[in-house]
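Below is one structure, written out as structure tokens; comments come after it.
The values are calculated or read from the model by the stated rules, or taken from the named source; none is laboratory data. The structure presented is a predicted model; accordingly, all values stated were derived computationally and were not measured. Heads up: the accessible areas ignore ligands, DNA and RNA and are worked out on the full protein's heavy atoms, side chains in. Shrake-Rupley method; radii C 1.70, N 1.55, O 1.52, S 1.80 Å.
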Amino acid sequence: GTSASLSLRAGCPVHSSGDHFLCGAEDGTVSWFDTDLSTKPYKVLRLGLSRAASKNAAGAGAAISALAFHPRRPLFVACCDDATVHVYHGMVYADLMSNPTVIPLKTFRRVHTVPKTGEGVTATCFHPRQPWLFTAGADGDVHLFCD
């Protein structure tokens with residue numbers, strides 16, 4: 001199953017509703033789970049799999065290194081070892097008959113690069129009220145994205 005390849009270092013952030021959570025995998029996928037629907041992922045996002053530069057020796061995408069939901073806005077972020085940051089609109093509806101909406105908004109490339117180790121973004125979080133995203137990387141820098 002998917003549990004064997006999940007990346008523990010990315011964590012599994014829980015949406016503020018309490019019914020949804022994300023899990024990152026070593027193969028570059030992010031699984032969105034809706035606990036009201038099933039024990040299987042509602043949606044699987046394949047990040048960085050189309051770019052040859054982000055492929056590891058096994059042919060899979062770069063590992064997911066960090067994940068976060070915004071605490072108040074319909075946003076979430078997935079960061080990869082290939083130094084990319086993927087920002088998504090992730091709307092969860094109070095109506096149980098409506099499935100969550102997931103729309104890619106922006107991808108930032110080469111955010112934190114350390115060529116010798118292959119590590120990129122190591123941590124991420126959102127500002128509690130503003131739509132601001134912070135990332136920290138293996139290069140020792142912290143970046144703020146605010147537009």
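Compare 116, 106 by solvent-accessible area with a 1.4 Å probe and give them largest first, with all protein chains kept in place.
On the way: 116 200, 106 105 Å².
Correct descending sequence by accessible area is 116, 106.
Sort 109, 72 from largest to smallest accessible area, using a 1.4 Å probe on the heavy atoms of the protein chains. Kindly include the intermediate steps, with their values, before the conclusion.
Working: 109 115, 72 170 Å².
If we order 109, 72 from most to least accessible, we get 72, 109.
As a test question: what accessible area, to the nearest 10 Å², does residue 144 have when a 1.4 Å probe is rolled over all protein chains in place?
Its accessible surface works out to 90 Å², give or take rounding.
Roughly how far apart, in whole Å, are the Cα centres of the range 27-46 and the range 125-139?
Each part reduced to its Cα centre gives a spacing of 23 Å.
Specify, per residue and in Å³, the volume enclosed by the convex hull of the alpha carbon atoms belonging to the range 11-51.
Working: hull volume 2.9 nm³, N = 41.
Roughly 71 Å³ of hull volume per residue.
Measure off, as a whole percent, the carbon and sulfur share of the 1.4 Å-probe accessible area of the range 82-134, all protein chains present. Before the final figure, lay out each step's value.
Values: 1830 of 3220 Å².
Result for the range 82-134: 57 percent of the exposed heavy-atom area is carbon or sulfur.
How would 38, 16 line up by accessible area, probe 1.4 Å, largest first? Don't skip to the end; give the middle numbers.
Working: 38 50, 16 90 Å².
Putting 38, 16 in descending order of accessible area: 16, 38.
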